[in-house]
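Scroll down for the structure; my scribbles are underneath it.
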Amino acid sequence: MCLAVPMEVIAINDKIADVEIGGVTRQVRLDLIDAAPALGDFVIVHAGFAIRRMDRDDAMETIKLFQEGLGLELI
Amino acid sequence: MNSFDAFKDPKLCRALLDRLLAEADQPLRFMEVCGTHTVSIFQSGLRSLLPATITHVTGPGCPVCVTHESEVACFLELAKRDDVIIATFGDLMRVPGPKGKSLKTAQADGARVEIVYSPIDALAVAAANPGRTVVFLGVGFETTAPAVAATIRLAREQNLKNFRVLCFHKLVPPALEALLADPETNIDAFILPGHVSAIIGAAPYAFLADRYHVPSVITGFEPLDILSALLEIVAMRKSGQPAVVNAYTRVVADSGNPVARAVMDEVFVPVDALWRGLGLLPGSGLVIREAFADFDAMRLPGVTLPDAPPLAGCRCGEVLKGKMAPNECPLFDKACTPATPVGPCMVSTEGGCAAFYKYKLDL
C-alpha cells in the first residue's frame, strides 16, 4: 500500500501539480512536500500527494559508487 | 540509460549478487516490513537467487493484512447504514470479516462503497452526496497517514459537513519493537520500508541497533536497492557494529519529511492499537484529535469496535510475525487461494501468502 511512484512535474499551480510518467498524467497535491519542486523535477507520488522530491543527482551518484566499487564500466 | 533503470541493470545486479554470495558465509534471517518490498523480492526473482545462508522473511508490512478483525467488523457495520457511503482504497474490498462478509459482499447487499485512488477523491464523493455521510477508511502506515490528515484539513477548509474518516492508521516502529521483544521471532536484521522512512526518517529506528543490536537498512524497491541493503547488513554483522543505515538517500532524508509529519501531528495523535496477529501494541496507532472531532467516524453515534473472533483456521497472525512461512499454513493452496481467500494475507496483492502463491517458488 505504500507503493509510491516517481513522476515528473510538468506544471505547477499553487498547491497542485500536474505530473507525468510514461504518458500517464495526474494531478497531485503538494501540501505534504518539504521542498518545493521545480518543473522537470521528479517527485515521489503516493495516494494523490507528492511526498518527496527525488534527488536524481543522488541516484546517479549511488549507481556510480556501485559501478566503481564493483569494477564495472559506466553504463 | 536513465538513473532509475540503472537500479535494475542486470549486469550491476549480478555483480552485487556475486559479491553477496561470496560474503554471506553465516546464516542470516532478514525481515522486510513493506508490502512493496515483498512483491519486489518475489517479482524480480531475487528470492530464488539469494545465497542458501540468507532467509527472507516477510513481516507485518501490508496495512490491509494487519488491520485487526475488530476494525474490519467495525467498518462492515458502518457500511450497512443507509445514510453512509464508504470510500476506500481498493485493497480493502475483499478483506474478510466475521461470517465471510467483506466490503464486496456488503456492496452486493446494497451498501454504497466507492473505491478511490486518493483520499482527496472522497471529498468529491461527499460534495456530490450532501444527504449522506461519506466515511473514508483510513488504513495505512506513516506513508499514507499524512495524505489522509491533509485531506481532513481540506475538508475543514471546504466546510464539508458530511465527510469523516474511520482512522485505523498504524505506525511501523512499535511493530518492529514488538517483533524483537518476542523471543520466538529470531530476526537477525531488517530491511526498512523506503516510503514510510521518507516521512519518519531514520531516528525512530535507532532502538533497533541501540537496544536490540539488530542491523537495519532503509532502502528502495529496485533489485539493486535490495541487494545493496543485504550486502550492508552482512557487513554490519561481520563488523559486529549494528546501525541504522539509510541507503535510499535519493528519496529519504535522514530527518524524513518534517512538513508531512507536522500535518500528521496536527490531525492525529498516537494511541495503543490492535494489530492482527500482534495484538495490542502501545503507541502503535493513530486517532483523530479532539480539534478535528467533527471529521471522526469513530465518534458517530453507535460506532464501536466490536469484539471479533480470529478467522477460523487462518494463520495470518503467525505469517505476519514471520513465525510461519505462508506455505507452511495447512490452508495454503488448499482452502485458501487468491480466488477463495480465507485471510487477508491471501487477499491483498501485497500479502505474504498472495506473493508466495503467485510466484510459488518454494513449493
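Laboratory data are not the source of any read-out in this text; all were calculated from the coordinates shown. Remember, predicted model here, so these are calculated numbers, not experimental data. So basically every Cβ, Gly included, is an ideal-geometry build from the backbone, and we count neighbours across all protein chains shown.
For beta carbons closer than 6 Å, sequence separation of 6+ or different chains, a first residue in segment B:32-59 that is part of a loop (DSSP other than H, G, I, E, B) and a second that is of a type in the set (A, V, I, L, M), the qualifying pairs are B:Pro51/B:Leu21; B:Pro51/B:Ala24; B:Thr53/B:Ala24; B:Gly59/B:Met31; B:Gly59/B:Val33. Could you tell me which residue of segment A:26-65 is surrounded by the fewest Cβ atoms within 10 Å (Cβ to Cβ), considering only residues that are facing another protein chain (nearest Cβ under 9 Å) and in contact (Cβ under 8 Å) with a residue 24 or more places away in the chain? It comes out as A:Met54.
The residue that is nearest to the other protein chains (Cβ to nearest Cβ), among those in segment B:203-221 that are surrounded by fewer than 20 Cβ atoms within 10 Å (Cβ to Cβ) and not in a helix (DSSP H, G or I), is B:Tyr212.
May I ask you to list the residues in segment B:251-263 that are assigned to a helix (DSSP H, G or I), facing chain A (nearest Cβ under 9 Å) and hydrophobic (A, V, I, L, M, F, W, C)? Selection gives B:Val259, B:Ala260, B:Val263. Just so you know, in segment B:143-187 the residues that are at the interface with another protein chain (Cβ under 10 Å from one of its Cβ atoms) and part of a loop (DSSP other than H, G, I, E, B) include one that is surrounded by the fewest Cβ atoms within 10 Å (Cβ to Cβ), and it is B:Thr144. Reported count of residues in segment B:103-131, each being touching a helix residue (DSSP H, G or I) at 6+ places or on another chain (Cβ under 8 Å), assigned to a loop (DSSP other than H, G, I, E, B) and in contact (Cβ under 8 Å) with a residue 40 or more places away in the chain, is 0.
Scan segment B:330-363 for residues that are part of a loop (DSSP other than H, G, I, E, B), under 22 Å from A:Met1 (Cβ atoms) and not β-branched (Val, Ile, Thr) and report the count. Explain how you work it out, then say what you get.
Within segment B:330-363, the subset part of a loop (DSSP other than H, G, I, E, B) is B:330-331, B:333-335, B:337-343, B:348-351, B:360-363.
Of the ones still in play, those that are also under 22 Å from A:Met1 (Cβ atoms) are B:337-339, B:341-343, B:348-351.
After this cut, where a residue has to be not β-branched (Val, Ile, Thr) as well, the list is B:338-339, B:341, B:343, B:348, B:350-351.
The qualifying residues number 7.
Taking segment B:128-153 as the range and being among the aromatic types (Phe, Trp, Tyr) and closer than 26 Å to B:Lys80 by Cα as the test, only B:Phe136 passes. Condition check for A:Gly22 on (1) closer than 17 Å to B:Lys8 by Cβ; (2) within 7 Å of chain B (Cβ to nearest Cβ): one failure, at (2). Checking each residue in segment B:73-100 for being part of a strand (DSSP E or B) and either among the β-branched types (Val, Ile, Thr) or closer than 23 Å to B:Gly313 by Cβ (or both) picks out B:Val84, B:Ile85, B:Ile86, B:Thr88. Answer yes or no: is there a residue in segment B:278-299 that is part of a loop (DSSP other than H, G, I, E, B) and farther than 24 Å from B:Thr105 by Cα. There is at least one residue in segment B:278-299 that is part of a loop (DSSP other than H, G, I, E, B) and farther than 24 Å from B:Thr105 by Cα. Look at B:Pro27 and say whether it is surrounded by fewer than 21 Cβ atoms within 10 Å (Cβ to Cβ) and either among the basic types (Lys, Arg) or within 14 Å of chain A (Cβ to nearest Cβ) (or both). No.
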